[in-house]
1. For the stretch 43-60, just list the computed ³J(HN,Hα) in residue order, Karplus coefficients 6.51, -1.76 and 1.60, θ = phi - 60°, integers in Hz, with x standing in for Gly and Pro.
2. Read phi for every residue in the stretch 6-15 and hand back ³J(HN,Hα) as whole Hz from Karplus 6.51 cos²θ - 1.76 cosθ + 1.60, θ = phi - 60°, with x for Gly and Pro.
3. May I ask you to evaluate 6.51 cos²θ - 1.76 cosθ + 1.60, the Karplus curve with θ = phi - 60°, for each residue of the stretch 76-90 and list the ³J(HN,Hα) values in order in whole Hz, giving x for glycine and proline?
4. For residue 15, list long-range residues whose amide hydrogen, built 1.01 Å from N in the peptide plane, is under 5 Å from its own amide hydrogen.
5. With each run of n ≥ 4 DSSP H residues scored as -39500 (n - 2.57), what mean residue ellipticity at 222 nm is computed for the chain after dividing by its residue count and rounding to the nearest 500 deg cm²/dmol?
6. Charges at C-beta only: +1 for Lys and Arg, -1 for Asp and Glu. How large is the resulting dipole of the chain about its Cα centre, in Debye rounded to 20?
7. Between residue 75 and residue 47, how many nm apart are label points set 7 Å from Cα along the C-beta direction?
8. Let me know the Rg and Dmax you get for the stretch 54-95 when you use only its Cα atoms, in Å.
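Nothing in this text is a laboratory measurement; each read-out follows from the coordinates by a stated rule. Everything quoted here is computed from the prediction, not taken from an experiment. Backbone-built Cβ (ideal geometry, glycine too); neighbour counts: all protein chains shown.
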Amino acid sequence: MTEIIDILEKEEPVLTLTEHCDIICENCPNNINGICIDNKKVDLIDKRCLEKYDMQFGDTIRWSELKKLAFERVISPKQLATVCLDCQWRTLCFI
Ligand code: SF4
C-alpha cells in the first residue's frame, strides 16, 4: 500500500473509479479471480463514497482532486464513521 501511495503522490495519475477489483487489489489475498471476497461490504462503502462525491463507477478523476473531495465531503465534515461503517480497518483512519 505504501508503494501505491508513493506512485499516486509522485505521478498524480488520472484514476478510473471501478466497481470491482482494481490495481490496488492486485496482490490482495481477498482478490479471487478479480472479485473481492468482501465484495458486498466494499461495494456498499464504494457507493456511499460515490454518493458523497457526486460521481459514478467509470468516472475518471485526478488523484489530488479525489483526495480533496474525500477531505471536503467525508473527512472534514466527520462522515468517515458513516461512510466506512462496515470497514474493519476504519479505526486506523481515525488515528
Ligand atoms: S479487501 Fe477486497 S477491495 Fe480491499 S484490496 Fe483486497 S480485494 Fe481489493
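1. These are the phi-based 3J(HN,Hα) values: 4, 4, 5, 4, 5, 5, 5, 4, 4, 5, 8, 6, 10, 10, 4, x, 5, 10 Hz.
2. 4, 4, 4, 5, 7, 9, 6, x, 8, 9
3. Whole-Hz 3J(HN,Hα) from phi for the stretch 76-90: 4, x, 6, 9, 4, 5, 7, 5, 9, 2, 9, 7, 5, 9, 4.
4. 61, 62, 63
5. -11500 deg cm²/dmol
6. Approximately 460 debye in magnitude.
7. Computed distance between label sites residue 75 and residue 47 equals 2.6 nm.
8. So, for the stretch 54-95, Rg and Dmax equal 11.5, 31 Å respectively.
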